[in-house]
1. Just name the residue that is nearest to the chain's Cα centre (by Cα) out of those in the range 300-331 that are assigned to a loop (DSSP other than H, G, I, E, B) and among the polar types (S, T, N, Q).
2. Looking only at the range 507-516, decide whether some residue is surrounded by fewer than 21 Cβ atoms within 10 Å (Cβ to Cβ) and among the polar types (S, T, N, Q).
3. Looking at Pro425, Pro366, which one is closer than 24 Å to Leu308 by Cα and not hydroxyl-bearing (Ser, Thr, Tyr)?
4. Just to check your reading of the model, which residue among Gly371, Gly418 is buried (at least 22 other Cβ atoms within 10 Å of the Cβ) and closer than 30 Å to Arg558 by Cβ?
5. Could you list all residues from the range 460-491 that are touching a helix residue (DSSP H, G or I) at 6+ places or on another chain (Cβ under 7 Å) and among the polar types (S, T, N, Q)?
6. Can you tell me which residue within the range 55-76, out of those that are free of Cβ contacts under 8 Å to residues at least 40 places away in the same chain and at negative phi, is surrounded by the fewest Cβ atoms within 10 Å (Cβ to Cβ)?
7. It is to be established whether one or more residues within the range 344-363 are more than 23 Å from the chain's Cα centre (by Cα), part of a loop (DSSP other than H, G, I, E, B) and surrounded by fewer than 19 Cβ atoms within 10 Å (Cβ to Cβ).
8. For Asn270, all conditions in the list (1) out of contact with any strand residue (DSSP E or B) (no Cβ under 9 Å at 6 or more places or on another chain); (2) free of Cβ contacts under 8 Å to residues at least 40 places away in the same chain hold save one; what is the number of the exception?
Amino acid sequence: MRTAWWKESVVYQIYPRSFADSNGDGIGDLRGIIGKLDYLKELGVDVIWLSPVYQSPNDDNGYDISDYQAIMAEFGTMADFDELLAAMHACGLRLVMDLVVNHSSDEHPWFVESRSSKESPYRDYYIWRSGKGGREPNNWGSFFSGSAWQYDETTGEYFLHLFSKKQPDLNWEHPTLRAEIYTMMRWWLDKGIDGFRMDVINLISKAPGLPDGPVANEAPYQSPGASVFHGPRLLEFLGEMKREVLDRYDVLTVGETPGATTAHGVDITNEAHGSLNMVFQFEHVDLDAEPGSALGKWAVRPLDLGDLKRSMSRWQHDLHGRGWNSLYLSNHDQPRPVSRFGDDGRYRVESAKMLGTFLHMLQGTPYIYQGEELGMTNVRFPSIDDYNDLETLNAYREMTERYGMSHEDAMARIYVKGRDNARTPMQWDASPNAGFTSGTPWLKLNPNYPQVNAAQAMADPDSVFHYYRRLIQLRKAHPVIVHGDYAPLLEAHPQIYAYLRTLGDTRLLVITNFSADRPAFALPPTISFERAAPLIGNYPVDEAEEIRLLTLRPYEARVYLLH
């Protein structure tokens with residue numbers, strides 16, 4: 001029987017374009033990653049998730065793939081990839097690739113053929129429809145703003161693109177298309193990679209007839225909603241993928257599933273009947289946006305800690321013993337957590353450590369996004385011209401033109417939620433361009449890199465980096481962190497998130513303060529113990545201190561083993 005090694009692992013996500021540049025062209029590459037494997041080993045992670053490195057015109061930074069079995073020239077060659085994979089395996093790291101099969105690039109040979117003629121054998125690899133009343137086939141909006149349909153003059157029909165118009169959606173209803181995808185997946189797995197992170201995988205099954213989405217606001221195009229999220233054949237398609245590909249290999253599989261409920265999570269990840277190991281769900285990272293707004297994620301509102309507790313607790317309870325979840329606060333699509341959920345000013349170090357503690361002590365597989373372990377922060381470029389991300393550029397245009405927002409208002413929202421917050425180059429040291437490149441970086445650096453960088457962090461035993469090392473080590477040393485059940489404490493407290501993890505006779509108490517205040521923590525009297533042994537914390541702690549009533553310091557985190 002295979003061991004579920006992925007439950008005990010910690011995953012580190014690399015965004016290759018921004019990680020390390022080996023040749024001075026300003027773009028991170030595969031050889032740059034090879035040069036940083038010692039850093040990753042010192043951090044202590046087990047698995048590297050590599051954002052797409054496939055051949056791509058780069059309309060959406062590699063998530064628009066024109067050849068699934070070739071490497072983008074900017075990143076290197078297939079020989080470089082093979083060397084990276086061998087080097088990672090030699091030092092005990094596993095490699096998970098990004099699998100982007102809800103859509104391809106419009107420059108993929110499949111789509112070039114598909115759009116050439118209605119009679120093309122590749123026509124049904126994509127989703128084509130005639131217009132309706134001189135307009136698009138339905139009212140669906142793209143997740144990147146505007147319509148989800150693009151008119152193509154060659155054949156006089158529209159093709160569906162839930163993202164960029166250069167990312168046409170693949171038609172999973174077509175069995176030959178599915179077989180092509182499975183062949184490609186086996187090709188990579190036979191190379192020796194250790195799994196797939198599956199981009200927006202719960203969008204691959206669309207509702208029959210592609211009905212209009214419900215009209216929820218005044219926007220000209222509406223969210224397709226249930227017509228694309230968790231469609232009627234999703235579990236069937238994933239089950240087929242499991243039988244045809246995944247069952248033949250011992251790998252990590254994680255499905256990105258926006259809009260997923262805990263029931264969806266169980267359906268997809270249950271070890272008895274599910275198809276994937278775990279999901280990325282979005283519930284907790286959607287809490288700081290006004291629900292139902294036409295502005296979507298750009299309708300920024302402050303996070304309510306009670307909402308976060310209820311969301312995290314629901315996923316902890318509902319998947320315990322029935323499925324498995326990913327634990328994350330940041331990735332290439334999300335802003336930096338220390339700026340979003342903590343304090344990136346006076347308490348940057350303390351709040352970065354607190355957020356890491358809160359997350360890594362939960363049940364699930366933790367994911368660290370490059371720079372998170374340094375406490376890297378959001379960026380505030382003054383001009384929209386300094387940004388690269390397609391979603392951000394489209395949103396700025398829509399906010400200023402359609403909704404009449406001022407430049408300042410639109411930029412304030414981008415400063416909070418823009419994806420380029422996570423994509424500024426990795427900050428390695430205080431030298432020019434933060435040691436990322438000897439050339440001109442593809443995206444401007446965060447100007448705080450002289451103070452926030454890996455060299456500084458590795459030299460400081462009290463840094464965020466070394467704190468993350470300890471969190472990872474604790475996970476390997478204490479099975480309760482991986483397998484224990486979860487019980488929230490002080491659920492109504494507006495500033496403190498505390499919980500108990502229990503496995504047999506072992507109990508772990510986690511206390512985190514999500515504020516710059518000094519709230520009082522009172523341990524519920526129902527929790528009895530003889531001794532509380534401090535396991536980790538982001539402030540010095542007196543081991544003899546009575547923990548039943550504590551005054552927490554700003555963004556303080558404490559973890560105890562109760563005996």
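The values are calculated or read from the model by the stated rules, or taken from the named source; none is laboratory data. Just so it is clear, the model here is predicted, and its values are computed rather than measured. Note: ideal-geometry Cβ built from the backbone for every residue, glycine included; neighbour counts use all protein chains shown.
1. Ranking the candidates gives Asn331 first.
2. Within the range 507-516, one or more residues are surrounded by fewer than 21 Cβ atoms within 10 Å (Cβ to Cβ) and among the polar types (S, T, N, Q).
3. Pro366
4. Within the list Gly371, Gly418, the selection yields Gly371.
5. The answer is Ser463, and nothing else.
6. Top of the filtered list is Ala73.
7. Yes: the range 344-363 contains one or more residues that are more than 23 Å from the chain's Cα centre (by Cα), part of a loop (DSSP other than H, G, I, E, B) and surrounded by fewer than 19 Cβ atoms within 10 Å (Cβ to Cβ).
8. (2)
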